Amino acid sequence: PKITYWAGRGRAEPLRCILAAAGVKFENVFLQSKEQMQDLVASGNLAFDQVPLVEIDGMKLVQSGPTALYLAQKYGFWPEDPKEQYTTGAIFASAADSRACLGPFPFHGDKDKVSAEAEAGNGLW
């Protein structure tokens, strides 16, 4: 499998964790620029023009929730019992909710730009 995402944990990290827990080796492709993302969008490989993109089993999966479910089912981490499925899904969704505020976190590493963004009061801080 190959996971394409920005150079940060974000929405790709749960997918990486599932693959790692299953003992599956995978390739990380880190997008480094807006131009790389634009090229990926132009390639037609992204439904909804979004990452993370997981390439596995001849498919190009996007949307981290359904992708996590696919991987969990594929590697035997998804329970068969509906009540256990609910509990597992609720835990996954709760973890996603708790990470949501980190989505806009600046990964660029430019200290001056981070300071300017913090002072702008755009709701990030």
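The values are calculated or read from the model by the stated rules, or taken from the named source; none is laboratory data. Remember, it's a predicted structure, so these values are computed and weren't measured experimentally. FYI the Cβ positions are ideal-geometry reconstructions off the backbone, even for glycines, and counts take in every protein chain you see. SASA here: full protein model, heavy atoms, side chains in, ligands and nucleic acids out. Shrake-Rupley method; radii C 1.70, N 1.55, O 1.52, S 1.80 Å.
Just to be sure I understand the filter: pairs with C-beta atoms under 7 Å, separated by 6 or more residues or on different chains, first member in the stretch 59-76 and within 18 Å of residue 94 (Cβ to Cβ), second member among the charged types (D, E, K, R) and modelled with pLDDT under 95. Which pairs pass?
Close Cβ pairs (under 7 Å, with a partner that is among the charged types (D, E, K, R) and modelled with pLDDT under 95) amount to 64/11.
In the stretch 51-78, how many are farther than 30 Å from residue 38 by Cβ and surrounded by fewer than 15 Cβ atoms within 10 Å (Cβ to Cβ)? Don't jump to the end; show me each part of the working.
First pass over the stretch 51-78, keeping only residues farther than 30 Å from residue 38 by Cβ: 72-78.
Right, trim to surrounded by fewer than 15 Cβ atoms within 10 Å (Cβ to Cβ) and you get 73, 75-77.
Of the residues in the stretch 51-78, 4 are farther than 30 Å from residue 38 by Cβ and surrounded by fewer than 15 Cβ atoms within 10 Å (Cβ to Cβ).
Filter the stretch 1-17 down to the residues that are assigned to a helix (DSSP H, G or I), among the hydrophobic types (A, V, I, L, M, F, W, C) and over 17 Å from residue 59 (Cα atoms) and list them by number.
The initial filter retains those residues of the stretch 1-17 that are assigned to a helix (DSSP H, G or I), namely 10-17.
From what is left, the residues that are among the hydrophobic types (A, V, I, L, M, F, W, C) are 12, 15, 17.
Matches in the stretch 1-17: 17 only.
For the stretch 79-91, give me each residue that is surrounded by 11 or more Cβ atoms within 10 Å (Cβ to Cβ) and not aromatic (Phe, Trp, Tyr). Break it down stepwise before answering.
Kept after step one, since they are surrounded by 11 or more Cβ atoms within 10 Å (Cβ to Cβ), are these residues of the stretch 79-91: 79, 84-89.
Within the stretch 79-91, 79, 84, 85, 87, 88, 89 qualify.
Tell me, yes or no, whether the stretch 35-49 has at least one residue that is open to solvent by less than 60 Å² (accessible area, probe 1.4 Å), in contact (Cβ under 8 Å) with a residue 60 or more places away in the chain and touching a Ser or Thr at 6+ places or on another chain (Cβ under 9 Å).
No - not one qualifying residue is present in the stretch 35-49.
When the stretch 30-86 is examined, which residues are found to be of a type in the set (Ser, Thr, Tyr) and within 20 Å of residue 18 (Cα to Cα)?
In the first step, residues of the stretch 30-86 are kept if they are of a type in the set (Ser, Thr, Tyr); the result is 33, 43, 64, 67, 70, 75, 86.
The answer is 64, 67, 70, 75, 86.
In the set 34, 60, which member is within 20 Å of residue 13 (Cβ to Cβ) and charged (D, E, K, R)? So that I can check it myself, show each step before the final result.
On the way: 34 fails: within 20 Å of residue 13 (Cβ to Cβ).
Step by step, each of 34, 60 is checked, and only 60 is within 20 Å of residue 13 (Cβ to Cβ) and charged (D, E, K, R).
Quick check on my filter: what residues within the stretch 1-23 are surrounded by 14 or more Cβ atoms within 10 Å (Cβ to Cβ), over 10 Å from residue 52 (Cβ atoms) and among the aliphatic types (A, V, I, L, M)? Steps first, answer last, please.
Just the residues of the stretch 1-23 that are surrounded by 14 or more Cβ atoms within 10 Å (Cβ to Cβ), to begin with: 1, 3-6, 8-16, 18-19, 22.
From what's left, over 10 Å from residue 52 (Cβ atoms): 1, 8-9, 18-19, 22.
Passing the criteria: 18, 19, 22.
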